[in-house]
Structure formats: structure tokens, C-alpha cells
Amino acid sequence: MTDYDGLASYYDIEWEELKEDIPFLLEEAKKVDGPILELACGSGRIMIPFAREGYEIWGFDNSIEMLKLFDMNLEREEPKVRELVQYSRQDMVDFGYDGQFGMIIIPFNSFLLMTDRKDLETCLENCRNHLADDGVFIVDVFSPNFELCAAKEPKMNFLKHFYNPMSKKVVVQWEYAKRDMGNQTIDIDFLYEEYDSSGNLSRKTQNLKMSLMFRYELQYLLEKNGFRIKAFYGNYDRSPFTADSPQMIYVCSRA
């Protein structure tokens with residue numbers, strides 16, 4: 001069981017409003033030739049819209065439950081969309097394909113799910129080996145702000161509430177995040193409170209561990225592992241990176 005197996009039942013509902021990265025990635029896809037590969041593809045949030053636009057796209061995830069969700073989502077699509085999608089169960093560290101790709105993407109913080117520096121470098125080396133000579137590699141992670149890094153004592157924070165039509169319950173989501181700045185990791189416990197129509201309450205928790213990474217740290221990691229930074233943005237509108245930027249988005253080529 002992987003961390004995201006426990007989050008799969010909420011994922012599409014929890015992140016249904018997250019769409020702003022898709023136009024950015026589609027715009028980059030227009031500049032390349034050949035198939036596209038997504039690492040940690042989850043439920044197909046990005047892959048399915050790409051296939052709708054006519055792109056051949058491949059992807060993988062290590063969560064069985066997320067891939068089951070992907071399968072359900074893909075079944076709702078037309079045959080011409082489904083035939084453009086290939087996905088499998090693999091890991092970001094040791095994935096493998098016979099061919100190369102015109103574009104490889106690791107969107108929306110997925111790169112940070114690896115907390116071992118050796119794993120991070122092995123992943124990047126693998127991405128470089130699978131990228132075509134004229135291909136584009138994109139990594140998108142959140143930018144850790146000062147308040148996030150300076151907090152010494154973790155607090156329980158309310159995140160959001162939403163209705164889950166599958167369970168027919170209202171879900172309230174909380175977060176308890178413990179930061180280890182010595183190792184640059186964040187250990188997150190998610191608490192989900194579920195209320196049925198009679199007001200009965202049930203609770204579920206799920207843990208997720210992530211890396212914390214800063215601008216030049218990730219830039220040097222990319223350059224060390226054979227990439228050249230072509231563009232760097234602070235958000236999906238291609239705005240320049242500043243101390244207040246929510247994201248760090250690197251568009252790279254092979255060095």
C-alpha cells in the first residue's frame with residue numbers, strides 16, 4: 001500500500017478545481033514532437049485532458065487505488081480518447097520504457113514525494129535517459145514560504161470541506177504538518193471527518209511525507225543530472241518567480 005492508496009477515494013473531489021496547470025502544460029506540448037510521459041499520473045487529472053486534445057500520452061503511478069480511479073475516469077471517455085492513453089503501475093525511481101518521449105512532466109508537487117536525495121537524482125537521471133534529444137522536461141513544485149519554514153510547533157489546520165457523492169457524506173479535511181528543517185522534510189497527517197445525513201461521524205487519517213526544496217537547490221539538482229533550464233516561472237501564468245510566488249516551475253531541455 002502506498003500513501004496515495006488511502007487518499008484515492010477523496011482525490012478527484014478534493015482537487016476538482018485544480019485546472020490552472022493544464023493550459024500551461026498544453027501550451028508547452030505544442031512546441032514538441034512525439035509522445036508525452038507523466039510521472040505519478042494519479043487519477044488521470046492531466047492525462048485525460050491531453051488525450052482529449054489529441055496527444056498520445058503515457059503515464060504511471062505506484063498507487064493501485066489511484067490507478068483504479070484512473071480506469072473509472074477513462075471508461076467515461078470516447079474511444080478516440082481512450083486509445084491515446086497508456087498507463088501502468090511503476091515507481092518514479094525505477095520506471096522504464098523502450099522508447100523516448102518528446103515531453104516528460106512531473107506536475108503539481110509529485111517530485112517532492114521522494115524524500116531521499118539519491119532517489120531524487122535517480123529519478124532525474126531516468127527522466128533524462130527517456131527524454132528525446134530535442135524534448136522538454138517540466139518539474140512543478142510548491143515554493144516553501146518563510147512562514148511555512150519558520151513554524152516550530154505544528155498546528156491542526158482546517159483545509160476544506162466537500163461532499164463525497166460516492167459515500168453520500170460531507171467530508172471535513174484537517175491537516176497536521178510537522179516540519180523537519182534539518183532534513184528538509186514535511187510530515188503531514190490528514191484527518192478526514194465524514195458526516196452522513198443523520199449526523200453520524202466517522203474519522204479517517206492518512207500520512208504523507210514530502211521534501212521541502214528551494215529555488216537554487218532544485219536548479220542545481222537539475223543541472224547536476226544533465227538538464228539545462230530553459231525557463232523558470234513562479235506560477236502557471238508564466239509570471240516571474242518572486243519570494244511570494246506559490247510555485248517553482250522549471251522548463252528544461254537535455255544539457
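The values are calculated or read from the model by the stated rules, or taken from the named source; none is laboratory data. The model shown is predicted, which means the values in this text are computed figures rather than measured ones. Don't worry about glycine lacking a Cβ; one is built from the backbone with ideal geometry, like all the others, and counts go over all protein chains shown.
One line per residue, one yes/no per condition, for (1) modelled with pLDDT under 95; (2) surrounded by 15 or more Cβ atoms within 10 Å (Cβ to Cβ); (3) within 29 Å of TYR163 (Cβ to Cβ); (4) in contact with a His (Cβ under 7 Å, 6 or more places away or on another chain):
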residue	(1), (2), (3), (4)
GLY182	yes, no, no, no
GLU194	no, yes, yes, no
GLY199	yes, no, yes, no
THR205	yes, no, yes, no
SER211	no, yes, no, no
GLU217	no, no, no, no
TYR220	no, no, no, no
PHE227	no, yes, no, no
TYR233	no, yes, no, no
field: Checking TYR10 against (1) under 30 Å from ARG179 (Cα atoms); (2) touching a Gly at 6+ places or on another chain (Cβ under 7 Å), the condition it does not meet
entry: (2)
- line: Counted residues in region 46-95 being buried (at least 22 other Cβ atoms within 10 Å of the Cβ) and not hydrophobic (A, V, I, L, M, F, W, C) come to 3
statement: Sole miss for ASN235 among (1) assigned to a strand (DSSP E or B); (2) touching an Asp or Glu at 6+ places or on another chain (Cβ under 9 Å) is condition (1)
message: Any residue at all in region 240-248 that's part of a strand (DSSP E or B), surrounded by 12 or more Cβ atoms within 10 Å (Cβ to Cβ), of a type in the set (A, V, I, L, M) and at pLDDT 95 or above?
response: yes
- request: Mind listing just one residue for me: the one in region 121-149 that is aromatic (Phe, Trp, Tyr) and not in a helix (DSSP H, G or I) and, of those, nearest to LEU37 (Cα to Cα)?
  value: PHE137
